[in-house]
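The values are calculated or read from the model by the stated rules, or taken from the named source; none is laboratory data. Just so it is clear, the structure is predicted and the values come from calculations on it, not from any experiment. Virtual Cβ from ideal backbone geometry, glycine too; neighbours counted across all protein chains shown. For the accessible areas, the whole protein counts, side chains as well, though only heavy atoms, and no ligand, DNA or RNA atoms are used. Shrake-Rupley method; radii C 1.70, N 1.55, O 1.52, S 1.80 Å.
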Amino acid sequence: MELLVKAAQLVLALVILVTIHEFGHYIFARMFGVKVNRFYLFFNPWFSLLRYNPRSGKLEVIASNDKDGNPKSWASFQVNKPHEIRKDGKPTWRDTIYGLGWLPLGGYCDIAGMIDETKDASQLASEPQSWEFRSKPAWQRLCVMVAGVCLNFLLAICIYIGIAFHWGDDVIPYQSMTEGMDFAPELQAAGFKNGDILMAVNGKNLEATDYSTGWDLLQPGAKVAVKRNGEIIEIAVPDSLILQAASKGKEWRPMSMRIPVYVAKLQSGEPAQLAGIQRGDRILKVGDDTVPAISEFLPVLAEHKGETLDMLVVRSDGSESILPVGINEYGKIGIQMLSPLEIFDRETINYNLWESIPRGWEIGTSTLGTYVSSLKLIFTKEGAQSLGGFGTLGDLFPSQWNWYSFWQITAFLSIILAFMNIIPIPGLDGGHTLFLLVEMVSRRKPSDRFLEIANTAGFFFLILLLLYANGNDIYRFFLK
């Protein structure tokens, strides 16, 4: 039952994301007078679950074409009267066949006069027509190609706006962060110590809604009250701190929350499970190193790859155990840790509609930035082995239907789809975009034969990547 719930959420998310993405291509193609032959949700090799032709007015169930190209179906319904082609020859929405495929790997918008992995150059040997993609100026073709990516990103922003408006934000007050903060070296030199709990700035208690705390800590002469070993200590911020921070660039962060190491899940057959670690355990010590937070825990594991060390764990009932745990070659023990929202006391921030808009934009852009910065891990051995397919995507969703989690994950997947599609690989929107940019700069259009070869090569590369990612899922499920 849990598997079905996860699968249902994944399919619904794909329906939303693919439809929005392909609609971006469709609507811009139609805006520029380009004919769209077919608009499909999911792929339809050999047959379609549903097929609707507005020209004939027929809705077909289990539809395909015979060897001569004539349509056939298991059942057919006349849902509207037939419509004639416009006398001036201009395409309309009725010139598009709309369908639902059976293979949920994506979808497609078949644009007339466009070379992709489904067409070869010989199919476009005739004289270009005014309503074809290839007849349009490069800037219009560029808009058509990037529209899907843009709509996916805008969809994510809209979902985050809706989440902020409906559910608000779950935030952890600084005073509830019982392990305190990890501070950048510049702040440590100014008097802060890792583990300090932030209490007040210039006599004003910090609020959960105050997103400017990191900036306030840098202000010349600021008086910051922290709790250290149960005592309140006031730190005077030196004038030079803000100048040091400014010289570090936008990637610099003044501080980060210290998160204790609580075990949320165990990977089957991995060292932690084999050693007897349980869900809900807190790991406090690895070998001779005390690890009150993840920021100490992970470096210690990385330092002792391939070794077996005693770990001090505190059970949920308060009892303590010392367990010998192996650390694999990647510095991992096979656990998933609790998020801070599941550990610390939290508050809910409510937003009205106008407040939700900048909050949704902030979440969307920061999520995109975090995802892009993490992609470098894919090019490591461990990152390549961690790639997953539909099983991994489905496992992102909770085992019980939860609309909050569903929309959070759908928004995240929409950002992933937007970014991955704009990567300049032939066969993806990014590949078409790259060729169009080259054309606009050089004022020379690549040959149809070159585009055909490039898109076909890119298509097969993507198929291999898809097989590898889903193969990883199968390997992890059955063998690990």
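Selection of first residues in segment 54-80 that are within 16 Å of Phe39 (Cα to Cα) and of second residues that are among the aromatic types (Phe, Trp, Tyr) and surrounded by 12 or more Cβ atoms within 10 Å (Cβ to Cβ), restricted to Cβ pairs under 7 Å at least 6 apart or on distinct chains, gives the following pairs, ordered by first then second residue: Leu59/Tyr52; Ala63/Phe47; Ser64/Phe47. Each residue in segment 285-300 was checked for being aliphatic (A, V, I, L, M), touching a Gly at 6+ places or on another chain (Cβ under 9 Å) and open to solvent by 20 Å² or more (accessible area, probe 1.4 Å), and 1 pass.
If you filter segment 429-470 down to residues that are outside any helix (DSSP H, G or I) and not basic (Lys, Arg), you find that the one that is least open to solvent (accessible area, probe 1.4 Å) is Pro446. Screening Arg94 with (1) out of contact with any Ser or Thr (no Cβ under 7 Å at 6 or more places or on another chain); (2) within 30 Å of Trp403 (Cβ to Cβ) gives one miss only, at (2). Sub-8 Å Cβ pairs linking a first residue in segment 327-349 that is on the phi > 0 side of the Ramachandran plot to a second residue that is open to solvent by 50 Å² or more (accessible area, probe 1.4 Å) and in a loop (DSSP other than H, G, I, E, B), at least 6 apart or interchain, are Gly331/Lys305; Gly334/Gln267, ordered by first then second residue. Mind listing just one residue for me: the one in segment 259-284 that is small (Gly, Ala, Ser) and on the phi < 0 side of the Ramachandran plot and, of those, least open to solvent (accessible area, probe 1.4 Å)? Per the stated criteria, the residue is Ala272. When the residues of segment 20-44 are narrowed to those that are among the aliphatic types (A, V, I, L, M) and touching a strand residue (DSSP E or B) at 6+ places or on another chain (Cβ under 7 Å), which ends up surrounded by the most Cβ atoms within 10 Å (Cβ to Cβ)? Among those that are among the aliphatic types (A, V, I, L, M) and touching a strand residue (DSSP E or B) at 6+ places or on another chain (Cβ under 7 Å), it is Ala29.
Within the bounds of segment 373-381, is there any residue that is at pLDDT 90 or above and of a type in the set (Gly, Ala, Ser)? Scanning segment 373-381, I find no residue that is at pLDDT 90 or above and of a type in the set (Gly, Ala, Ser), so the answer is no. Only a single criterion out of (1) open to solvent by less than 70 Å² (accessible area, probe 1.4 Å); (2) assigned to a helix (DSSP H, G or I); (3) β-branched (Val, Ile, Thr) is not satisfied by Ile425, namely (2). Among the residues of segment 124-134 satisfying the criterion of being outside any loop (DSSP other than H, G, I, E, B) and touching a Gly at 6+ places or on another chain (Cβ under 6 Å), which is farthest from Trp407 (Cα to Cα)? Step by step, filter segment 124-134, then rank; the result is Arg134.
Give the residues of segment 45-96 that are surrounded by 13 or more Cβ atoms within 10 Å (Cβ to Cβ), among the aromatic types (Phe, Trp, Tyr) and part of a loop (DSSP other than H, G, I, E, B), sorted by residue number. The answer is Phe47, and nothing else. The residue that is least open to solvent (accessible area, probe 1.4 Å), among those in segment 321-360 that are of a type in the set (S, T, N, Q), farther than 15 Å from Pro271 by Cα and not in a loop (DSSP other than H, G, I, E, B), is Ser356. Look at (1) in a strand (DSSP E or B); (2) in contact (Cβ under 8 Å) with a residue 24 or more places away in the chain and you find that Ile259 fails only one, number (1). The set of residues in segment 305-317 that are more than 15 Å from Gly334 (Cβ to Cβ) and open to solvent by less than 60 Å² (accessible area, probe 1.4 Å) comprises Leu312, Val314, Arg315.
Among the residues of segment 1-52, those that are within 25 Å of the chain's Cα centre (by Cα) and small (Gly, Ala, Ser) comprise Ala7, Ala8, Ala13, Gly24.
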